[in-house]
Amino acid sequence: MTRVISIISGKGGVGKTTVVINLATALVSKFKRNVTIIDCNVTASHLGLYLGMYYCPVTLNQVLKGEAKITDAVYDHYTQVKVIPSSLSLRDLTGVDITRLKDSIADLSGVDFVFLDSAPGLGREAISTIQASDEVLFVTTPFIPSTIDLIRCNELIKEVKAGSLGIVLNMLSKEKHELTKGEIEKLVELPVLATIPIDKNVPRSLAAREPLLIYQPNSPASKEFIKLAARLIGEEYKIGFLDKIKGFLSLG
Ligand SMILES: Nc1ncnc2c1ncn2[C@@H]1O[C@H](COP(=O)(O)OP(=O)(O)OP(=O)(O)O)[C@@H](O)[C@H]1O
Ligand SMILES: [Mg+2]
């Protein structure tokens with residue numbers, strides 16, 4: 001059965017697209033799952049850009065306009081992750097109906113996971129993305145504004161009746177002024193499933209147009225993405241002794 005999971009945040013720029021790409025790469029490369037990722041942020045699409053996919057003749061935009069089948073908008077990334085990008089062209093926004101998303105996804109088959117990379121906040125795009133998913137994974141940073149925004153999102157999810165999986169706490173630097181995992185769990189009333197450290201290799205991988213897991217597989221954030229992937233499928237991932245040494249060497 002396909003699990004359709006939307007990746008949501010109240011505030012922008014907290015790491016949703018980064019989570020989508022690296023969680024998908026971890027599930028494919030370490031756990032042999034079939035994963036499709038979809039850029040549902042049609043008004044500010046980044047997913048294809050992050051993966052170096054600039055020229056895609058058919059995108060989610062054409063699907064949401066009713067001009068193409070979703071299966072024609074699927075591209076094979078070299079990681080084996082399947083990608084449905086949104087168009088970078090402003091012209092392609094005309095006629096897009098984001099409420100078609102849910103029915104379009106139903107036409108995908110043979111997929112274990114579909115990850116929906118959402119627009120931030122609670123606008124039309126984000127709400128349609130949540131409605132198209134069975135489960136919701138929240139992303140926040142350890143600060144008051146992004147956490148407060150998340151409380152509002154979680155309230156809305158209860159109305160939409162999608163299941164809340166929990167929170168990915170991203171860009172942690174363990175400074176004293178940051179909210180702790182326990183404080184965030186108490187405020188949002190959801191479990192923190194993963195804590196991803198702030199990691200210089202994340203923006204570096206973005207500049208290289210590669211998933212972090214390919215660019216620097218043993219970096220601190222990569223390991224947490226793998227652990228999160230394992231958690232999603234109910235498996236435990238033990239980091240071996242050699243990986244630990246390699247991770248130590250890749251720090252900085
Ligand atoms: N753990 C991390 N360590 C360091 N930098 C990070 C980390 N996670 C994300 N970033 C950086 O933060 C920026 C925003 O990340 P990203 O685009 O994934 O956020 P987003 O929530 O998808 O943004 P938007 O709301 O605009 O869609 C990027 O430059 C990314 O490289
Ligand atoms: Mg994004």
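The values are calculated or read from the model by the stated rules, or taken from the named source; none is laboratory data. Just so you know, these numbers come straight off a predicted model, no measurement behind them. Because the Cβ atoms are built from the backbone with ideal geometry, glycine has one as well, and the counts that use them run over all protein chains shown. Surface areas here come from the heavy atoms of the whole protein model, side chains and all, with no ligands, DNA or RNA. Shrake-Rupley method; radii C 1.70, N 1.55, O 1.52, S 1.80 Å.
Observations
- T59 vs. criteria among the polar types (S, T, N, Q), at pLDDT below 95 and more than 10 Å from ligand 2 (Cβ to nearest atom): no
- Listed by position, the helices (runs of 4 or more DSSP H) enclosed by region 157-235 that each have at least 1 residues that are under 25 Å from T2 (Cβ atoms) are 212-215, 220-232.
- Filter result for Q80 (open to solvent by 40 Å² or more (accessible area, probe 1.4 Å) and either aromatic (F, W, Y) or over 24 Å from I157 (Cα atoms) (or both)): yes
- Residue satisfying all of: in region 1-31; β-branched (V, I, T) and outside any helix (DSSP H, G or I); surrounded by the most Cβ atoms within 10 Å (Cβ to Cβ) among these: I8
- Extreme residue, farthest from ligand 1 (Cβ to nearest atom), among residues of region 206-245 that are over 18 Å from Y50 (Cβ atoms), among the basic types (K, R) and at pLDDT 95 or above: R231
- Candidates P203, P191, P142, P120, filtered to the one that is open to solvent by 10 Å² or more (accessible area, probe 1.4 Å) and over 25 Å from Y54 (Cα atoms): P191
- If you filter region 123-139 down to residues that are open to solvent by 60 Å² or more (accessible area, probe 1.4 Å) and not basic (K, R), you find that the one that is nearest to ligand 2 (Cβ to nearest atom) is Q131.
- Every test in (1) within 21 Å of E210 (Cβ to Cβ); (2) away from ligand 2 (no atom under 12 Å from the Cβ) is passed by L93 save one, and that test is (1).
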